[in-house]
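Taking it in order: structure first as structure tokens, then the write-up.
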Amino acid sequence: MRFAPPAILAALAVVVLAGCSGQTKNKSAKDFNGEQKAVAQVVDDLGNAGSDKDAKEICTSIFAPEVAAKLKQGNRDCQDVVDDQISDANTFDLTVKSVKVTGNTATARVESTFDGNDALRTLSFRKDGQAWRLVSIAA
């Protein structure tokens with residue numbers, strides 16, 4: 001299922017904006033092999049780009065192009081919108097629990113913690129050439 005832009009932003013806030021103190025580097029990819037590891041690495045990259053407040057990285061290297069395009073709001077591009085979403089958060093701690101790869105698509109179950117509450121979401125990916133790109137987030 002694909003989300004409309006507001007839902008993507010809300011899901012991004014829930015999944016990525018996982019806490020409020022200290023920075024951590026995400027390292028889930030080390031627990032996987034092959035294409036599963038490549039997908040988990042994108043999740044790690046998402047968390048790390050959030051910690052680094054790097055909206056450009058999120059919009060150009062992590063989101064699929066159609067997701068970045070949907071986030072445009074008037075004269076504001078994906079980078080502006082994502083920057084607003086990540087500007088107040090300090091921790092982007094994401095843990096990949098599982099990855100399922102089927103051809104050029106994949107899903108990852110990802111856990112984040114905020115104020116002691118764990119949230120588990122499913123992130124969907126598509127392989128574009130050699131790169132896996134985030135296409136949707138679901139509860």
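The numbers here are math on the coordinates, done by the rules we state, and not lab data. Worth saying up front: this structure is predicted, and the values here are computed from it rather than measured. Ideal geometry is used to build each Cβ from the backbone, glycine not excepted, and the neighbour counts take in all protein chains shown.
Order of Glu66, Glu35 from fewest to most other C-beta atoms within 10 Å?
Glu66, Glu35
In the structure shown, do any of Lys25/Lys53; Lys56/Lys127; Lys30/Lys70 have a Cα-Cα gap over 22 Å, and if so which?
Beyond 22 Å between Cα atoms: Lys30/Lys70.
For a footprinting-style exposure proxy, rank Phe125, Phe63 by other Cβ within 10 Å, fewest first.
Fewest to most other Cβ atoms nearby, the residues stand as Phe63, Phe125.
So what is the diffusion coefficient of region 36-139 in µm² per second by Stokes-Einstein at 4 °C and 1.567 mPa s, using a Kirkwood Rh over Cα pairs?
For the chosen part, D equals 93 µm²/s.
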